[in-house]
Amino acid sequence: MNRVVITGMGIHSCIGTSLEEVKSSLYHGKSGIILDEPRKDFGFRSALTGMVNEPELKGELSRRQRIGMPQQAKYAYKATQQALEMAHLDINFLAKNETGILYGNDSSAKAVMEAIDQVRIKKDTTLLGSGSIFQSMNCTVTMNLSTIFKLKGINFTVSAACASGSHAIGLAFLFIQQGWQDRILCGGAQEINEYAMGSFDGLGVFSVDELNPTQASKPFDKRRDGLIPSGGAASLVLESLESAQTRGANILAEVVGYGYSSNGDHISNPSREGQLVSLSRALKQAQLNANDIDYINAHATSTPMGDLIEAQSIHEIFGSKIPVSSTKSMTGHECWMAGASEVIYSLLMMQEDFVAPNINFEESEEDMPKINIINKTKHHSINHFLSNSFGFGGTNSTVIIKKYNG
């Protein structure tokens, strides 16, 4: 089977829109959470959010290309630009050499809602315009990126709730490992608008610590009172080692394990058993032992039950020594994007030999297992890291990345 390496990455998030800016935010524990007052007028219980500016693409893309792009596709375009540039893949190469795309996305709420509102007012569907359907479909990111960047390989969207971005990386890994594609663009994108987040807020799962936005996301801390929505996009270029070496590409790291499972139980509650299957499967595929892992980027979203269950799962397999942090303490929960962005955050840590802090963590409750939560930046060599992603419907994904050593 082929070895699978990472040759490019790009990010557009609330803690930075370049890799250098994101790396600095991670190292210094800088939060991207704000209070978005208009959400209160809209009817939100909590107006906290990770704020990601929507890029202006006029002058960069044609009108024909832009009209089919909702917010999350614009984020993904900017992240992909960075990733392809780092991988030294230009349009001419992509047009002549088959490259796939597998991207995580699980909503396009704003485009759907605005189209429905317009039809209700105008009573005429022909006034929606030709771009509406392409903005509204769940596969909007893959259809836009594949046409803009001339991608001619495997092409579909991975829709798996908050594990979407992680599963996209895992599937790309399997496709390349089996020899079905030489290279695949993969990642995850998440719209941050009020239409996408309203139903989440209605469930009462968001933190209401509105007086302290940057301190409101508290994964694993006993004071945690809910997650904070966020978004943006993260893109990675995966390819076979042979392909990368043939092109003379700079190799960032190697993907060595992908674990997955379904809880087959409650639609929204986490399952320790399901998580243990995903973690164990990733380790087995990577042919690693638990003590080979140098850092765990936890899924932990800052919800009371979710963080507790994950801590139990981590402790059962890895014990209490391996450094653990949740970058969601800084970014909030980037939902469909999170599984991809957190791999990039961890790759930046691997490159610079540090573990980003789980900010706002002071103390866990008594019944939470004592895992090694890092709450201040720690200088630490990372040869293997593991990233967890779990989602509604009981979907679980675990990815293991290794420092490339030739």
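A few remarks follow.
- FRET efficiency, Ala290 to Asn405 (Cβ-Cβ, R0 25 Å, nearest 0.05): 0.75
- Neighbour-count order for Asp225, Asp36, Asp265, fewest beta carbons within 10 angstrom listed first: Asp265, Asp225, Asp36
- All-pairs alpha carbon distance profile, the chain, 10 Å steps from 0, percent: 5, 25, 35, 24, 9, 2, 0
- Chain lengthening between Lys152 and Arg120 when straightened (0.36 nm per residue, less Cα-Cα): 7.7 nm
- Per-pair calculated FRET efficiency, R0 = 25 Å: Ser199 and Arg272 via Cβ, rounded to 0.05: 0.40
- Cα gyration tensor category, rounded, prolate or oblate, for the stretch 259-402 with a/c compared to 1.5: rounded
- Of interest is the spacing of the C-alpha centroids, which for the stretch 85-163 and the stretch 349-387 amounts to 35 Å.
- Taking all Cα pairs closer than 8 Å and separated by 6 or more residues, the relative contact order of the chain comes to 24 percent.
- Residues in the stretch 7-32 that a label on Gln245 would reach, taking backbone N under 20 Å of a point 7 Å out along Cα→Cβ: 7-8
- Remark: the Asn383-Tyr27 segment gains 126.3 nm on full extension, using 0.36 nm per residue and subtracting the alpha carbon distance.
- When the pairs Lys23/Lys74; Lys110/Lys222; Lys150/Lys284; Lys376/Lys403; Lys370/Lys403 are compared against a 31 Å limit on Cα-Cα distance, Lys110/Lys222; Lys150/Lys284 fall above it.
- On full extension, the segment bounded by Lys222 and Ile133 gains 27.6 nm, given 0.36 nm per residue less the C-alpha separation.
- Zone residues, the stretch 228-244, relative to Glu98, backbone N less than 15 Å from point 7 Å out along Cα-to-Cβ: 240, 243
None of the figures in this text is laboratory data; all of them are computed from the coordinates on show. Remember, predicted model here, so these are calculated numbers, not experimental data. Don't worry about glycine lacking a Cβ; one is built from the backbone with ideal geometry, like all the others, and counts go over all protein chains shown.
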